[in-house]
Amino acid sequence: MGEQERMVEAILFATAEPITVRELEARLPHGCDPAEALVHLRKRYEGRGVNVTRVGDAWAIRTAADLGFLMQKETVETRKLSRAAIETLAIIAYHQPVTRAEIEEIRGVSVSRGTVDQLLELEWIRFGRRKMTPGRPVTFVVTQDFLDHFGLESARDLPGLKELRAAGLLENRPPPGGDLPRDADDEDESAEGQSELFED
Amino acid sequence: MGEQERMVEAILFATAEPITVRELEARLPHGCDPAEALVHLRKRYEGRGVNVTRVGDAWAIRTAADLGFLMQKETVETRKLSRAAIETLAIIAYHQPVTRAEIEEIRGVSVSRGTVDQLLELEWIRFGRRKMTPGRPVTFVVTQDFLDHFGLESARDLPGLKELRAAGLLENRPPPGGDLPRDADDEDESAEGQSELFED
Amino acid sequence: MAENLFEEDKVSVSERLAAEALIVDVDGFEGPLDLLLTLSRTQKVDLRKVSVLQLARQYLAFVEKAKALRLELAADYLVMAAWLAFLKSRLLLPPDPSEEGPSGEELAAHLAFQLERLQAMRDAAARLMARDQLGRDFFARGQSEMVTRVRKVTYSATLLDLMQGYARIRTRDDFRPFVMDRDSVFTMEQALERMRGLIGYAGDWTEISSYLPEGWDGDPVRRRSATAATFAASLELVKEGHLEIRQSEMFAPIQLRKRDH
């Protein structure tokens, strides 16, 4: 493959917009002939998974028309989770199994139905065992999908508050009273809770 | 060119992110063997303007490194990392999974607030499994984004890794008598970590 | 013999000068280990063959010089200096068979290992950063959105979002205005109300403890609160002219009496 063809190939691949022959000329070293390189490159990509195609007076690499069915995933629109959802998810991850009332107590505001539904739909949380307390409320736990999405081996690998503070994610101020979740007291309880995740 | 190779080519071209073999399998029609198609495709792109590269368990198409000079327009200004951040990153890459105390032991100073945060934010490191030592400290490991950024197929391909290992410099050697200054208490003797990479 | 040992402590002129030169940028060092690594380079030998004894002397000369110049050295520099002085004595003196613990050679070998490892990591970091990098030397696909047929919304969040979210809640918790547990607090208002009803009967000197409300004398937390509130209420009543209060000496019982008008 000729050097000029290599260069044109790399530029077509990396540019965000289709590119004109004139722009190619400007970017290539002096004396190159991008028009000719394009002819060769276009031929090289004939019948392949992607093609060199003309878009107006510019050029671009595009997926072969017959393979469009493979591209569905690229059209998925991702949105950031709302703050309420992130906080709810974080509480479930750190305190599971946890009831809705407990989540509300920790957040200090009520948890809307939509927030829980959204997390359930994403399959990041699921219903856990009912609590053996009056009313036998349902609990929530995080799922394997959740661990996969966040690149965690287990919910126990979530950093504790001390570690968050050490990483600079928290103001570096000693909390009044010292002990916070995932340190001493809560450790047993949460460890027990998280082991349930893998029981059924 | 085989139909499967075409499809894999189209999918790899369509996205900027590396794609795992598993994802490819999920997107291709039932019964395809993306692993084999990848071998062919990789060969086909050898010496071209773009190459098929391996990033951990995933694959991506990237422009050839020698053509970087053509891409001033595409160059993204990355935040300049401090010397502390660069050293911390290298220690995590070469010693992973590694605890904060171990990083501090190697550098001889405490890891400042924000250094780890910055690396987490770049998504070059993430939390690994907790160490099974007293206090169960969290560990850090490098991510696929890290491999992608530095053009590494896997953490085993880190430059000079073998030599460092042969020279015993990746060992977590406990200080004799344990009374050296800056000696971290929650040190453990196991010199696992990157050495594990070579055992399987 | 003793003279020889003192001889060892003498630092050559060049070492003193080197120490002086380093002091200028003491802020540029990332702690004692970094400084030691820099000092070891002046020996111009392979790090594996570095003379720890010489290094210890260089370091101590550095610290001496800093002291002479009245420079503030961080505590860890002084801790290291003390440790190196100890190491130096171990290396110079014949081993004391009755002494426990690692030998001077073992300690020196470990320090040399630490220096070599730190240097190795610095070299590794430099090699890593010298690699071709994504977005600088090689590039990803520029146009990733190629077909827009199926529009499906997914929600994403990173681990960092999650942790920061959690940190936010917990931090807010930490700084929630301090609210006392009301169960165990007897307020001054309550005490005043109670005492106003009782002082009519206090013709003689009566100990203040007898005014404590019922059920507040068992649990120490409750007793303390009730005592403090009752005492404060008493002072208030004295100020209003309804009560007299006295204490014969320090820590003696406090007594109250209705004031005659």
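Select from the stretch B:124-134 the residues that are free of Cβ contacts under 8 Å to residues at least 12 places away in the same chain and more than 10 Å from every other protein chain (Cβ to nearest Cβ) and list them in ascending order. Listed by number, the list holds a single entry, B:MET132. Filtering B:LEU12, B:LEU28 for residues that are surrounded by 14 or more Cβ atoms within 10 Å (Cβ to Cβ), at negative phi and under 22 Å from the mean Cα position of the chain (by Cα) leaves a single hit, B:LEU12. Residue count for the stretch B:92-123, restricted to those that are surrounded by fewer than 21 Cβ atoms within 10 Å (Cβ to Cβ) and facing chain C (nearest Cβ under 8 Å): 3. Comparison of B:LEU81, B:LEU67, B:LEU89 shows that the only residue that is under 30 Å from B:PRO34 (Cα atoms) and surrounded by 17 or more Cβ atoms within 10 Å (Cβ to Cβ) is B:LEU67. Residues in the stretch C:132-154 that are among the aliphatic types (A, V, I, L, M) and at pLDDT below 50: C:MET146, C:VAL147, C:VAL150.
Quick check, is A:ASP33 surrounded by 13 or more Cβ atoms within 10 Å (Cβ to Cβ) and either within 14 Å of chain B (Cβ to nearest Cβ) or at pLDDT 90 or above (or both)? Against the criterion (surrounded by 13 or more Cβ atoms within 10 Å (Cβ to Cβ) and either within 14 Å of chain B (Cβ to nearest Cβ) or at pLDDT 90 or above (or both)), A:ASP33 qualifies. Here B:ARG22 meets the list (1) more than 10 Å from chain A (Cβ to nearest Cβ); (2) over 24 Å from the mean Cα position of the chain (by Cα) almost entirely, failing just condition (2). Among residues of the stretch C:91-103 that are free of Cβ contacts under 8 Å to residues at least 12 places away in the same chain, none has a Cβ under 8 angstrom from a residue that is part of a loop (DSSP other than H, G, I, E, B) and aliphatic (A, V, I, L, M) at a sequence gap of 6+ or on a separate chain.
Could you tell me whether any residue of the stretch B:42-61 is at the interface with chain C (Cβ under 8 Å from one of its Cβ atoms) and within 27 Å of A:ASN51 (Cβ to Cβ)?
Looking through the stretch B:42-61, at least one residue is at the interface with chain C (Cβ under 8 Å from one of its Cβ atoms) and within 27 Å of A:ASN51 (Cβ to Cβ).
Selection of helices (runs of 4 or more DSSP H) fully inside the stretch B:103-200 by the criterion of at least 1 residues being of a type outside the set (Ser, Thr, Tyr) and at pLDDT below 90 returns B:115-121, B:194-197.
For the stretch B:137-164, the candidate set comprises residues that are surrounded by fewer than 17 Cβ atoms within 10 Å (Cβ to Cβ) and over 22 Å from B:ARG62 (Cα atoms); within that set, the residue that is nearest to the other protein chains (Cβ to nearest Cβ) is B:GLY160. On the basis of being free of Cβ contacts under 8 Å to residues at least 60 places away in the same chain, among the hydroxyl-bearing types (Ser, Thr, Tyr) and touching a helix residue (DSSP H, G or I) at 6+ places or on another chain (Cβ under 7 Å), does A:THR99 make the cut? Answer is no for this residue.
The values are calculated or read from the model by the stated rules, or taken from the named source; none is laboratory data. The structure displayed is predicted, hence computed values, not measured ones. When we count neighbours, we look across all protein chains shown, and the Cβ atoms used for this are built from the backbone with ideal geometry, even at glycine.
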